[in-house]
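Following: one structure in structure tokens, then a few remarks.
The values are calculated or read from the model by the stated rules, or taken from the named source; none is laboratory data. Since this is a predicted model, take the numbers as computed values, not measurements. We place every Cβ from the backbone using ideal geometry, glycine too, and count neighbours over all the protein chains shown.
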Amino acid sequence: MRSRLPAIVLFFGTAALGFSSAYGQSTGAIHGHVQDPIGVAIGGAQVQVTTDGKTAKYTFTADANGDFKGDGIAPGSYILNLYSNGKPVDQLMDVKVVAGQDETENFDLSRPEYLAKMTPEQRKQLEEVKAKNADAMKANTVIKSLNADLLKARDDNKNKNYAEADELMARDSQAKPDASVIWLELGTAQLGEKKYPDATTSLQKAISLETANPKPNVEIIGGANNALGEAMAAQNKIPDAVAAYDAAAKANPAGVGMYYTNETIILSRSGQNGDAVAAAADKAIAAAPDKPLPYYLKGQALIAKATVDPKTQKIEAPPGCADAYQKYLELAPDGPYSADAKAILASMGQTVKTSYKAKK
């Protein structure tokens, strides 16, 4: 009958490479699996083959899956010692090696005989680990479900199925109220439904949660502020909208061109004075000089301040107005506002540069 060395190791290190080689009929082999008391493979554990239980004649190392294999072993009776992180863990007695055969010898530390030899403190540790693992598995199941919901909500928002995304994210925000990304997606859905106060609340929640994160995701903060700007503008809270777009740009510099372009759009749509719109357009242009829309919006803002020469009946626009329209046409010669830009330039007595060609 085999006797076992009582010990307990709950967590183990990473695996090393296992040893294997071809063996002939004059030697035998041993292979097996090593797992700890909670059934987790012990990667990197060492299996020593001894005749006296002390001096290793052969040593094999378990791989990342807890599997080991050793060959080239002289026939005979052996004691197998299991070590993890240099400490003795278990022992198998009277292991027979027969020439030309491969013996299976597993170190299963979850077996009742092994668990029965644990000290009270070791058993307490084991139960604590099992409880933590059970909680972790439950949490992982919840997270997996939430991730699937999040992907669906994003797809729904993309396809303007806002009510479905709203219902899904509203439910999940109750299940995991500390997830900023869920509040962002909920706010986006509510924005699409024109439920502006609700969207404002959800988006501010997303910003608050992510800002408090030790490692905040700047894309979430930027995206939530960007959507918040639109929600505020829809409620005619223009200063708050501008502040939201500026906060988005500050949080996520990578998206600054989009944020300032959106700020320019909402200022233009809300009928703000030309100087404010032009200033926002300049910020967007500085951030993304290759985007045509801010140039057109700047031109529109400045043309509102134009006067008409009573003698020539030509429009006299403020400095920078014609240049803005010309730049728009350079970047978007066949853009949606190209005809309007050309007409305004013509009324100003400006010649549209012929180098602008429509894209094919």
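Comparison of K298, K291 shows that the only residue that is under 38 Å from the mean Cα position of the chain (by Cα), in a helix (DSSP H, G or I) and either touching a residue at least 24 places away in the same chain (Cβ under 8 Å) or not assigned by TED's automatic domain parsing to the domain that holds T261 (or both) is K298. The number of residues in the range 91-114 being surrounded by 14 or more Cβ atoms within 10 Å (Cβ to Cβ) and touching a His at 6+ places or on another chain (Cβ under 9 Å) comes to 6. The residue of the range 305-322 that is farthest from S338 (Cα to Cα), among those that are among the small types (G, A, S) and under 45 Å from the mean Cα position of the chain (by Cα), is G320. I'm checking my understanding of the structure. Among residues of the range 9-56 that are among the β-branched types (V, I, T), touching a strand residue (DSSP E or B) at 6+ places or on another chain (Cβ under 8 Å) and not in a strand (DSSP E or B), which one is modelled with the lowest pLDDT? By that ranking, first place goes to V9. When K311, K327, K298 are checked against the criterion of being farther than 30 Å from K250 by Cα and among the charged types (D, E, K, R), a single residue qualifies: K311. Looking across the range 63-73 at every residue that is hydrophobic (A, V, I, L, M, F, W, C) and at pLDDT 95 or above, the one that is nearest to A29 (Cα to Cα) is identified as I73. If the condition is being of a type outside the set (A, V, I, L, M, F, W, C) and either touching a helix residue (DSSP H, G or I) at 6+ places or on another chain (Cβ under 9 Å) or free of Cβ contacts under 8 Å to residues at least 24 places away in the same chain (or both), then the range 96-114 contributes K96, D108, R111, P112. Of the residues making up the range 319-331, not a single one is of a type in the set (A, V, I, L, M), more than 24 Å from N225 (Cβ to Cβ) and part of a loop (DSSP other than H, G, I, E, B).
Okay, residues lined up against (1) touching a residue at least 40 places away in the same chain (Cβ under 8 Å); (2) surrounded by fewer than 15 Cβ atoms within 10 Å (Cβ to Cβ):
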{"position": "G76", "(1), (2)": "no, yes"}
{"position": "L82", "(1), (2)": "yes, no"}
{"position": "G86", "(1), (2)": "no, yes"}
{"position": "V89", "(1), (2)": "yes, no"}
{"position": "A116", "(1), (2)": "no, yes"}
{"position": "K152", "(1), (2)": "no, no"}
{"position": "N159", "(1), (2)": "no, yes"}
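Residues that are among the hydrophobic types (A, V, I, L, M, F, W, C) and closer than 14 Å to Q350 by Cα were ranked within the range 307-323; the one that is modelled with the lowest pLDDT is I315. Close contacts from the range 197-213, counting a first residue that is closer than 15 Å to K237 by Cα and a second that is outside any helix (DSSP H, G or I) and not charged (D, E, K, R), with Cβ to Cβ under 8 Å and a gap of 6+ residues or different chains, come to P197/Q235; T200/Q235. Highlighted here are the helices (runs of 4 or more DSSP H) found entirely within the range 187-265 that include at least 1 residues which are of a type in the set (K, R): 196-211, 238-251. Just a yes or no: is a residue in the range 140-160 within 30 Å of G28 (Cβ to Cβ), modelled with pLDDT of 80 or more and outside any helix (DSSP H, G or I)? No; the residues of the range 140-160 include none that is within 30 Å of G28 (Cβ to Cβ), modelled with pLDDT of 80 or more and outside any helix (DSSP H, G or I).
Per-residue answers, yes or no, for (1) out of contact with any helix residue (DSSP H, G or I) (no Cβ under 6 Å at 6 or more places or on another chain); (2) among the aromatic types (F, W, Y); (3) within 19 Å of A248 (Cα to Cα):
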{"site": "Y162", "(1), (2), (3)": "no, yes, no"}
{"site": "A165", "(1), (2), (3)": "no, no, no"}
{"site": "S173", "(1), (2), (3)": "no, no, no"}
{"site": "P177", "(1), (2), (3)": "yes, no, no"}
{"site": "Y196", "(1), (2), (3)": "no, yes, yes"}
{"site": "T201", "(1), (2), (3)": "yes, no, yes"}
{"site": "E210", "(1), (2), (3)": "no, no, yes"}
